[in-house]
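Chemist: Structure incoming, see below.
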Amino acid sequence: MMDAPVVRGDPLASGPVAFGREARHPLSGHRRVADLVASVALLVVLAAESVLAGGGIVFLSLAFSSCGAPGNSCDETLGGAVVYVGPVLVAVVLVATLVVCVLRLVRRKLTWPFALVGIAAVVAVFFGAILLVDSAITHGI
């Protein structure tokens, strides 16, 4: 008896069942759907948080209105740098997190922890900006 010839490079997958590697991914079924839903929900939260954090950092420039009061001193260079660089850092964290999460979703790898790290990074940038602006203003009286 002759064995059926093994077809190599069959793009239509019309060969025998043993053709090629099995396309199993680490996440499948309900775990895959749960990861996708959680990742998308966290990325939406990250986008909203980034808009609010960027706007909040820009509003920190209002803290320098007290610099004209007697006895107060301000490091306007540091404050200006924070107000201009802060929203850029928030945008960089947002874009980097989106890129990493989309690549991991396409490769079917666990993704939601990376979106959570992005959320925490935006919070860290926001509170870092608050601390730097606060250190740039000295209240004398």
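The values are calculated or read from the model by the stated rules, or taken from the named source; none is laboratory data. Computed from a prediction, not measured in an experiment: that's the story for all the values here. Counting neighbours? That spans all protein chains shown, and the Cβs are built from the backbone with ideal geometry, glycine included. Heavy atoms of the whole protein, side chains included, go into the accessibility calculation; ligands, DNA and RNA do not. Shrake-Rupley method; radii C 1.70, N 1.55, O 1.52, S 1.80 Å.
Chemist: Check off (1) more than 30 Å from Gly140 (Cα to Cα); (2) open to solvent by 60 Å² or more (accessible area, probe 1.4 Å); (3) of a type in the set (Val, Ile, Thr); (4) touching a residue at least 12 places away in the same chain (Cβ under 8 Å) for Val58 and give me the number that stays unchecked.
Modeler: Checking Val58 against (1) more than 30 Å from Gly140 (Cα to Cα); (2) open to solvent by 60 Å² or more (accessible area, probe 1.4 Å); (3) of a type in the set (Val, Ile, Thr); (4) touching a residue at least 12 places away in the same chain (Cβ under 8 Å), the one that fails is (1).
Chemist: Say we look at the range 116-141 and pick out the residues that are hydrophobic (A, V, I, L, M, F, W, C) and not in a helix (DSSP H, G or I); which of these is modelled with the lowest pLDDT?
Modeler: Of everything passing the filter in the range 116-141, Ile141 is modelled with the lowest pLDDT.
Chemist: Continuing with the same structure: Of all residues in the range 93-115, which are at pLDDT below 95 and of a type in the set (Ser, Thr, Tyr)?
Modeler: The one that is at pLDDT below 95 and of a type in the set (Ser, Thr, Tyr): Thr111.
Chemist: Next up: So is Val122 under 19 Å from Asp35 (Cβ atoms) and not acidic (Asp, Glu) or not?
Modeler: Numbers: under 19 Å from Asp35 (Cβ atoms): no; not acidic (Asp, Glu): yes.
No; evaluated as a whole, the condition is false for this residue.
Chemist: Anything in the range 103-115 that is in a helix (DSSP H, G or I), open to solvent by 80 Å² or more (accessible area, probe 1.4 Å) and touching a helix residue (DSSP H, G or I) at 6+ places or on another chain (Cβ under 9 Å)? List them, or say none.
Modeler: Trp112, Phe114, listed by residue number.
Chemist: Looking at Ser50, Ser61, Ser39, which one is of a type in the set (Ser, Thr, Tyr) and at pLDDT below 90? Please lay out each step first, then the result.
Modeler: On the way: Ser50 fails: at pLDDT below 90; Ser39 fails: at pLDDT below 90.
Going through Ser50, Ser61, Ser39 in turn, just one is of a type in the set (Ser, Thr, Tyr) and at pLDDT below 90: Ser61.
Chemist: Part of a helix (DSSP H, G or I), among the hydrophobic types (A, V, I, L, M, F, W, C), surrounded by 14 or more Cβ atoms within 10 Å (Cβ to Cβ) and free of Cβ contacts under 8 Å to residues at least 12 places away in the same chain: is that true of Val100 in this structure?
Modeler: Details: part of a helix (DSSP H, G or I): yes; among the hydrophobic types (A, V, I, L, M, F, W, C): yes; surrounded by 14 or more Cβ atoms within 10 Å (Cβ to Cβ): yes; free of Cβ contacts under 8 Å to residues at least 12 places away in the same chain: no.
Taking the combined requirement at face value, the residue does not satisfy it.
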